[in-house]
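Notes for the one structure printed next.
The values are calculated or read from the model by the stated rules, or taken from the named source; none is laboratory data. It should be emphasised that the depicted structure is a prediction, and the values quoted were computed from it without experimental measurement. Neighbour counts run over all protein chains shown; Cβ positions are idealised from the backbone, glycine included. Surface areas here come from the heavy atoms of the whole protein model, side chains and all, with no ligands, DNA or RNA. Shrake-Rupley method; radii C 1.70, N 1.55, O 1.52, S 1.80 Å.
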Amino acid sequence: MQFIPIDVIKDFRLDLPENMTLRDPLGRTWPAYLRTWKDGRAYYSGGWDNLCKVNSIDEEDDCVCEFVPGRGQEKPVMQIQIIRHKNAPETCD
C-alpha cells in the first residue's frame, strides 16, 4: 500500500478531500476514499484493485499520481499515469 507522507501533506499544504476519483490514462474512473493513520499519513482506498486489473499493472510498473482539482460541483481527480518496466531494455554498464 502506498501512502502520502505527512511531510508532503504539510510542505505542500494539501487539503485532501474525503472523496476522490481515480482516472486512468484512458479516462476510466473509480471512486476512492481518504483514510488516515494516527501519525498523519494518508492514502486513498477503493478503486485501486480494479484500476490495476483493468490496466494490467505489474508489480514492476510505476504509477505517477497527479492531483487535479475539481471544478464547481465536480470531485477532485487523481490522474494516474502508468510507466511500464516489464519490457524495458537492459542497460549497458
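Close contacts from region 64-85, counting a first residue that is within 14 Å of L14 (Cα to Cα) and a second that is open to solvent by 40 Å² or more (accessible area, probe 1.4 Å) and part of a loop (DSSP other than H, G, I, E, B), with Cβ to Cβ under 7 Å and a gap of 6+ residues or different chains, come to P76/P69.
Yes/no per residue for (1) closer than 17 Å to Q2 by Cβ; (2) modelled with pLDDT of 90 or more; (3) of a type in the set (D, E, K, R):
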position	(1), (2), (3)
L16	yes, no, no
R28	no, yes, yes
A32	yes, yes, no
R41	yes, no, yes
C52	yes, yes, no
F67	yes, no, no
G70	no, no, no
E74	no, no, yes
K86	no, no, yes
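Listed by first and then second residue, the pairs with beta-carbon distance under 6 Å, at least 6 apart or on different chains, first residue in region 1-29 and touching a residue at least 40 places away in the same chain (Cβ under 8 Å) and of a type outside the set (A, V, I, L, M, F, W, C), second in a helix (DSSP H, G or I) and surrounded by 14 or more Cβ atoms within 10 Å (Cβ to Cβ), are D24/L51.
One residue stands out among those in region 1-19 that are more than 12 Å from W48 (Cα to Cα) and hydrophobic (A, V, I, L, M, F, W, C): the one that is surrounded by the most Cβ atoms within 10 Å (Cβ to Cβ), which is I4. In region 36-57, what count of residues is obtained for those that are open to solvent by 60 Å² or more (accessible area, probe 1.4 Å) and more than 18 Å from L22 (Cα to Cα)? Qualifying residue count for the region: 4. Reported count of residues in region 1-31, each being in a loop (DSSP other than H, G, I, E, B) and touching a Lys or Arg at 6+ places or on another chain (Cβ under 9 Å), is 3.
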